[in-house]
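Student: Here it is, the structure in full.
The values are calculated or read from the model by the stated rules, or taken from the named source; none is laboratory data. Values in this document were obtained by computation on a predicted structure and should not be read as measured data. Heads up, the Cβs are rebuilt from the backbone with ideal geometry, glycines too, and the neighbour counts pull from every protein chain shown.
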Amino acid sequence: MAKQIFEGIKVIDFTWAATGPQVSRELAEHGATVIRVESHKRLCPLRTYPPFRDGIPGVDRSAFFTKNNTNKYSISLDLTHPKSREVTRRLIQWTDIIGESMTPGSMARLGLDYESCSKINPKIVYFSTCQQGQYGPHRDFGGYGYHVNAVAGLSACTGWADGEPTMVFPAYSDFIAPWYVLIALAGALLRRRETGEGMYIEQSQFEAGLTFVAPHILDFVVNGHKLTRNGNRDRYMCPHGIYPCIGQDRWVAITVADDYQWHQLCEMMGNPPWTFEQRFDGILNRKQNEEDLDQKIGEWTRDFTAEQVMTMLQEAGVPAGVVETAEDLFNDPQLKFRQQFRKLDHPVIGPHTCQAPAYTLSETPCEIARPAPCLGEHNEYIYRDILGFSDDEIADFIVEGVITTEADAPTKV
Amino acid sequence: MKDSKTLLGGCRVLDLTDVKGHLCGKVLGDYGADVIKIEPSGGDTARNIGPFYQNVADPEKSLSWFSSNTSKRGITLNIETPAGKDLFLRLVKSADIVVESFPPGYLDNLGLSYSDLRAVKSDIIMTSITPFGQEGPYAHYQATDLVGVSMGGLARLLGDLGRPPVRMSCDPQAYMHAGLHGAVGSMMAYYHREMTGEGQHVDVSMQAAVLLAIQHAPELWELMKVNVVGTGQFFISVRPQPHGLLSSRMIMPCEDGYVACTFGGGASMGQVVSSKALVDWANEEGMALELKDYDFTQWDGATITQEEQDHIYGTVGEFLKTKTKAELYEEAVKRSIMLAPCNNIEDITKNVQLEARDFWEQVEHPELGETITYPGAPVKMAQTPWRIGCRAPLIGEHNQEIYVDELRLTMEEVGILQANGVI
């Protein structure tokens, strides 16, 4: 087996929802030992969200949870129990990295904030990530991903000029923020190697997400221009849009960047008479008559499948692509070639897939070997073999409720 | 020479990317790396992409160039010429990472493949960012941002019910994901190199980067055979018969725009508290009185009828119309109401939370005679702060520093190279 980048690196994972877990997941996929510290009394929200295997809710049945937590171990621990300190002390001494994504102040109340943990282990690298940051007037704002999408401007700028703001399905910042933390963690580990010092990394997911709209922020700051919804229009490229194809709700994206690509597109369409009209001759004319142009192109694409249009146009040197549904992604030949979807077998969910990182590494490929853990699945292994508690001590923990069990879970997930 | 004030002070990056990969070098540079942007003679064609400073289309005034190329020095170089290739390989000797986004095979044909670079510097890391990856059935396909978000599965999820899929109008996004994942892959390889001395080739797919941004859409297909589509202002829940679909309007009009508002209850204490708090506030102003005694703990998303849902949403919606985004957000924070404004860009720049956290960075542009406000740190670290090291480079701005001061060419040689289209 090829060497793994983070082999020997240890992570205590207090994170939940999406951002934090993706950070520790990618560390785990590159060989780190990641222990999720969970509680039956306070479930990670994703364990309670669909899709569930067979539509039946259950703490170990959610694929929304599994996608963010492959390769990790899980122990159950009631962090509010006074005796949990005996466990967390050993975890903190053992680990290199601690991650959390609780609402601000929670970890401090539990005595598990960076200051407290670094007193036990001064070398730890500790990251905190939450929606709006650890401090500030809105730090306690509690909402879902779509609230952050709204605050971050994404709802207002997605949709049509003659429409209203729209819900954006993914909690978008959740898929930008983790990567900045991951880069900082790797850098912090290298720095620790040189200096012996740990580090605290603090993040607002809202702030991280804004890095992706930077050009438009500058446009307002400098020019006073406020971005508005403009469908699939582009500043410069024309035609540029999403067009209907044969089948139920099937679409293809076509973008033309220059006159060469325009001529190639016309060729593929069979050079119909309308393409010779004055009003489509040259980029300025095409831009001016964009709406009609889109309609004409849509009349052509309607007779083909999205795959046919993509293949034809790509072969002619015109960027075009199927607007892929989730189903399409599973069948996409390029994603299959890259082994983007990896197969895993989960004790409760059964066979399922998860997604690999967007980059491959030639010498140290990632290893997605284990499915996401069931809650507390590794109690015996971790408490006994890693943390060194005796069987009697572990039995006491269970009796006293330090180690939570299914009996502590809410009746309705 | 290591700069201990930043995280990546000891790392040199040669950045050959086009617009699909610009963010990669910026991310590494803002964390402290010494990033040298290598542009073709005359400058990167992305400099012609707006928006522009004061709306003047000028390759030294592109705001999208400014925002994606901070913390980089800039040189011009034509690597297709023998002399240019030679200079590039000399720079590789001092580099840790080379980032590029050429079509697969282009650098191989120039004799600048990963194995060619490794012959010059055995532990070099090469990060290649392409629309679909170095190999495979689509490796030779071209992609713009719209094609990237379409083939990565994001466009399908966005937009209004019954209308075509859309991309976000704050373009580009696919390029941003590609660049950021390129930075992650580069950093993974750099960490490994520092620990073991071994470099490697990092192969980044823009399509895969977008795929990683679509949350649980793949899982909804895999387990429930549901393909998520854009639902506009609504949240649609699919419920077992006989209850059918439940459509809840989440994006609600207010006095000066729209807000995203959660309104329900049941098992979620947060939602119960939120809904009650919103009704209480409305009641204080003599509105939504019919909901005064509504028991939100009894609200059940699984069984409520569409009529009742529309009725309670409509009632609170009337109250929302009487308040501005700012008023609603301020009270939401105070009263723990799960409501957020659908901010536009201007609202974002006035956001009090960002202000309180010193989020905004002031970047000097001496040649424009002013300072421009940029988005700031994606993470905060006390000991090695993130910072914008410098504004994006002008065309060939650091040719002197690199070619003369560092590589020890003479001014005459630089002149010859320039006249011959090598620099």
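Student: Only one of these conditions is not met by A:ILE246: (1) under 21 Å from B:LEU63 (Cβ atoms); (2) among the β-branched types (Val, Ile, Thr); (3) more than 8 Å from chain B (Cβ to nearest Cβ). Which number is it?
Tutor: (1)
Student: When you go through A:VAL23, A:VAL11 one by one, which is the residue that is assigned to a strand (DSSP E or B) and surrounded by 22 or more Cβ atoms within 10 Å (Cβ to Cβ)?
Tutor: That would be A:VAL11, the only listed residue that is assigned to a strand (DSSP E or B) and surrounded by 22 or more Cβ atoms within 10 Å (Cβ to Cβ).
Student: A further question follows. Among B:GLY197, B:GLY133, B:GLY153, B:GLY162, which is the only one that is free of Cβ contacts under 8 Å to residues at least 40 places away in the same chain, at positive phi and either more than 7 Å from chain A (Cβ to nearest Cβ) or not charged (D, E, K, R) (or both)?
Tutor: After ruling out the rest, the residue left standing is B:GLY162.
Student: Condition first: part of a helix (DSSP H, G or I), without any contact (Cβ under 8 Å) to a residue 24 or more places away in the chain, surrounded by 20 or more Cβ atoms within 10 Å (Cβ to Cβ) and at negative phi. Can you find one or more residues in region A:57-76 that meet it?
Tutor: yes
Student: May I ask you to list the residues in region A:85-131 that are within 26 Å of the chain's Cα centre (by Cα), within 17 Å of A:ALA188 (Cβ to Cβ) and not charged (D, E, K, R)?
Tutor: Within region A:85-131, A:THR95, A:ILE97, A:ILE98, A:GLY99, A:TYR114, A:ILE124, A:VAL125, A:TYR126, A:PHE127, A:SER128, A:THR129 meet the criteria.
Student: Of all residues in region A:223-274, how many are among the charged types (D, E, K, R), closer than 23 Å to B:LEU157 by Cα and assigned by TED's automatic domain parsing to the domain that holds A:GLN308? Quick ask: steps written out before the conclusion?
Tutor: Our first condition is that a residue be among the charged types (D, E, K, R); within region A:223-274, this holds for A:226, A:229, A:233-235, A:249-250, A:258-259, A:267.
Okay, now just the ones that are also closer than 23 Å to B:LEU157 by Cα, so A:229, A:233-235, A:249-250.
Now restrict to residues that are assigned by TED's automatic domain parsing to the domain that holds A:GLN308: A:249-250.
Number of matching residues: 2.
Student: Ok, one more. Scanning for something in the same structural domain as B:PRO242 (by TED's automatic domain parsing), over 37 Å from the mean Cα position of the chain (by Cα), not polar (S, T, N, Q) and not in a loop (DSSP other than H, G, I, E, B), does region B:311-324 turn up at least one residue?
Tutor: Yes, region B:311-324 contains a residue that is in the same structural domain as B:PRO242 (by TED's automatic domain parsing), over 37 Å from the mean Cα position of the chain (by Cα), not polar (S, T, N, Q) and not in a loop (DSSP other than H, G, I, E, B).
Student: Evaluate region B:405-422: report whether one residue or more is surrounded by fewer than 17 Cβ atoms within 10 Å (Cβ to Cβ) and basic (Lys, Arg).
Tutor: yes
Yes/no matrix, rows are residues, columns are (1) aromatic (Phe, Trp, Tyr); (2) away from chain B (no Cβ under 13 Å):
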{"residue": "A:PHE14", "(1), (2)": "yes, yes"}
{"residue": "A:SER39", "(1), (2)": "no, yes"}
{"residue": "A:THR48", "(1), (2)": "no, no"}
{"residue": "A:SER62", "(1), (2)": "no, no"}
{"residue": "A:ASN68", "(1), (2)": "no, no"}
{"residue": "A:ARG89", "(1), (2)": "no, yes"}
{"residue": "A:MET102", "(1), (2)": "no, yes"}
{"residue": "A:GLY111", "(1), (2)": "no, yes"}
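Student: Going by the conditions given, is A:ASP140 at pLDDT 95 or above, within 23 Å of the chain's Cα centre (by Cα) and not in a helix (DSSP H, G or I)?
Tutor: no
Student: Does A:ARG47 qualify as being surrounded by fewer than 18 Cβ atoms within 10 Å (Cβ to Cβ) and in the same structural domain as A:THR364 (by TED's automatic domain parsing)? First the steps, then the outcome.
Tutor: Numbers: surrounded by fewer than 18 Cβ atoms within 10 Å (Cβ to Cβ): no; in the same structural domain as A:THR364 (by TED's automatic domain parsing): yes.
No: the conditions fail for A:ARG47.
Student: Tell me the residue from B:ASP300, B:ASP280, B:ASP293 that is assigned to a helix (DSSP H, G or I), acidic (Asp, Glu) and over 34 Å from the mean Cα position of the chain (by Cα), please. Let's see the steps before the verdict.
Tutor: Values: B:ASP300 fails: assigned to a helix (DSSP H, G or I); B:ASP293 fails: assigned to a helix (DSSP H, G or I).
That would be B:ASP280, the only listed residue that is assigned to a helix (DSSP H, G or I), acidic (Asp, Glu) and over 34 Å from the mean Cα position of the chain (by Cα).
Student: Against the conditions (1) at the interface with chain B (Cβ under 9 Å from one of its Cβ atoms); (2) crowded, with 22+ Cβ neighbours inside 10 Å; (3) in contact with a Phe, Trp or Tyr (Cβ under 6 Å, 6 or more places away or on another chain); (4) of a type in the set (Val, Ile, Thr), where does A:ILE403 fall short? Just the number, please.
Tutor: In the conditions (1) at the interface with chain B (Cβ under 9 Å from one of its Cβ atoms); (2) crowded, with 22+ Cβ neighbours inside 10 Å; (3) in contact with a Phe, Trp or Tyr (Cβ under 6 Å, 6 or more places away or on another chain); (4) of a type in the set (Val, Ile, Thr), A:ILE403 misses (1) alone.
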